[in-house]
Amino acid sequence: MTATEFDRTDFSILIVDDTPDNLRLLVGLLSEQGYKVRPVTSGKMALSAAQGIPPDLILLDINMPGMDGYQVCEQLKANERTRDIPVIFLSALNDVFDKVQAFAIGGIDYITKPFQVEEVLARISTHLAMRSLQHRLQQKNQDLEHTLYELQTTQAQLIQSEKMAVLGQLVANVAHEMNTPLGAICSSAANIALFFNHNLEALPQFLQSLSLEQQQDFFTLLKRSAQSHLTSLSSKEKRQYKRNLIQHLEDHDIADADTIADTLIDIGIYDNIDLLLPLLRDPNSRPILKMTYELVSVHKSAQMIITASDRATKVVQALKSYAHHDSTGTKVQANLIDGIETALMLYHNQLKHGVEVIRQYTDLPSILCFPDDLNQVWTNLIQNALQAMNYKGTLTILLTHVTDQVTISITDTGSGIAPEIQAKIFDPFFTTKAIGEGNGLGLSIAKRNIEKHHGTITVSSIPGQTTFVVSLPLQ
């Protein structure tokens, strides 16, 4: 940059010299060039003027009474407000030591007296041009820092926006998922309340009415029911056991075999009933069977409440885990399988009707990671897989651990990704979904989150099989 490439009137110069003739010469010369000039005659005045309104350049005489130019420059460079002001020393001395000392304490140039006008103007113009470039560079850096901050902020907002968009899609699923356990809890609680309202007062009287042998039979029925595994049987197996029971009861001339078989199946007794045959032959055993059935129903209702509550808790925890926003920016120890299972829990409603999930997990220690970021990856990949299969097919999740590397592959049996677009699927805003179904950020954010962990994500696809492979270092 030359002197003609900046506006001289934008620059102020502080001239420090105890010789009036030198001041007049320099003030006149520089004022004619358009510079703003402030002359002072001592070091103390120079320090005060520089700190009050910092100039763009200081011309500083070395030999001055009281405080010489070296001392003034040292104090200027020691002050945060004035340390960056360029200083050109003025002196009649032409000794090498003086020049070395001038540069050593922070001077940028050295002009000897008597002044050569062209030299003075050229040196001042050069250093002010450099000063102008420095200011511009600083401004550019500030602009770049501000732009980078805005980009990072926008990126964070886009990531969170994508996360909330997926969360919004999950809300209806989670609501449906919550309705099932809540309905079971309400129904079971109503059954328990109904029993206590009608039978609690009658229960002591019922027990007192039984003989010792009948009491023993009654408690045997309850114990057999508590040990039953009938709930793990299929409906077809239960029907077969009922047919066998009816046949067995009829073979022993027990009346109303169909009704008794129904009751026994309901309370979980479906085999080894020979010890119960004396009780079942007794026409007076019906109240015992009825009370057993009602108490077993209360127990089943209580177990249903526990199971449904646990299910609802897991759904809420999964949703909370996904929606959680960690602003600390620090890695924590987390289990990758827990994160994958969280994503599967959120999509349980879509999975349970037409998707078979095959889990192939290996033992894996907790790793240092950003769990929120990885959970967003698993959720996105599972959602894409389900949509690709139209919610019917097989979803295979394979987790392997080799030395210091862990690999997670998610495979679906959907339609596949066309070869010509496989290279684009990780690009921001690229999507093949219909308007309103996606904004094309899911996979680009997934790729960013994996790279944030110094890992990789790749895809391979043919019709009927698409696999995303995520590789992460354990350290």
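The values are calculated or read from the model by the stated rules, or taken from the named source; none is laboratory data. The shown structure was predicted, so the numbers you read here are calculated from the model rather than taken from an experiment. Methodologically, a virtual Cβ is constructed for each residue, glycine included, from the backbone with ideal geometry; neighbour enumeration extends over all protein chains shown. Quick note on the areas: whole protein, heavy atoms, side chains included, nothing else; ligands and nucleic acids left out. Shrake-Rupley method; radii C 1.70, N 1.55, O 1.52, S 1.80 Å.
Are any residues in the range 14-34 outside any helix (DSSP H, G or I), open to solvent by 10 Å² or more (accessible area, probe 1.4 Å), without any contact (Cβ under 8 Å) to a residue 60 or more places away in the chain and not acidic (Asp, Glu), and if so, which ones? Before you say what the answer is, go through the steps one by one.
Restricting attention to the range 14-34, the residues satisfying the condition of being outside any helix (DSSP H, G or I) are 14-19, 33-34.
Keeping just the survivors that are open to solvent by 10 Å² or more (accessible area, probe 1.4 Å) gives 18-19, 33-34.
In the following step, the residues that additionally are without any contact (Cβ under 8 Å) to a residue 60 or more places away in the chain were identified as 18-19, 34.
Across the range 14-34, the qualifying residues are 19, 34.
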Look at the range 322-349 and say how many of its residues are at pLDDT below 85 and either open to solvent by 20 Å² or more (accessible area, probe 1.4 Å) or not in a helix (DSSP H, G or I) (or both).
13
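For every residue, the table says whether it meets (1) of a type in the set (Gly, Ala, Ser); (2) closer than 18 Å to residue 113 by Cβ; (3) touching a strand residue (DSSP E or B) at 6+ places or on another chain (Cβ under 8 Å).
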residue: 15; (1), (2), (3): no, yes, yes
residue: 28; (1), (2), (3): yes, yes, no
residue: 54; (1), (2), (3): no, no, no
residue: 64; (1), (2), (3): no, yes, yes
When the range 116-137 is examined, which residues are found to be farther than 13 Å from residue 10 by Cα, basic (Lys, Arg) and buried (at least 17 other Cβ atoms within 10 Å of the Cβ)?
123
Please specify each residue of the range 94-112 satisfying the condition of being surrounded by fewer than 15 Cβ atoms within 10 Å (Cβ to Cβ) and assigned to a loop (DSSP other than H, G, I, E, B).
94, 95
Failed condition for residue 87, given (1) free of Cβ contacts under 8 Å to residues at least 40 places away in the same chain; (2) among the hydrophobic types (A, V, I, L, M, F, W, C); (3) surrounded by fewer than 18 Cβ atoms within 10 Å (Cβ to Cβ):
(3)
If residue 77 satisfies every condition in (1) free of Cβ contacts under 8 Å to residues at least 12 places away in the same chain; (2) more than 18 Å from residue 11 (Cβ to Cβ); (3) of a type in the set (Lys, Arg) but one, which is the exception?
(1)
Looking only at the range 35-82, filter to residues that are in a helix (DSSP H, G or I) and within 16 Å of residue 109 (Cα to Cα); which one of those is nearest to the chain's Cα centre (by Cα)?
77
Single residue of the range 380-410 satisfying the filter (within 19 Å of residue 471 (Cβ to Cβ) and either of a type in the set (D, E, K, R) or part of a helix (DSSP H, G or I) (or both)) that is most open to solvent (accessible area, probe 1.4 Å)
404
Search result, residues across the range 351-365 that are modelled with pLDDT of 85 or more and exposed (fewer than 15 other Cβ atoms within 10 Å of the Cβ):
354, 356, 357, 358, 359, 360, 362
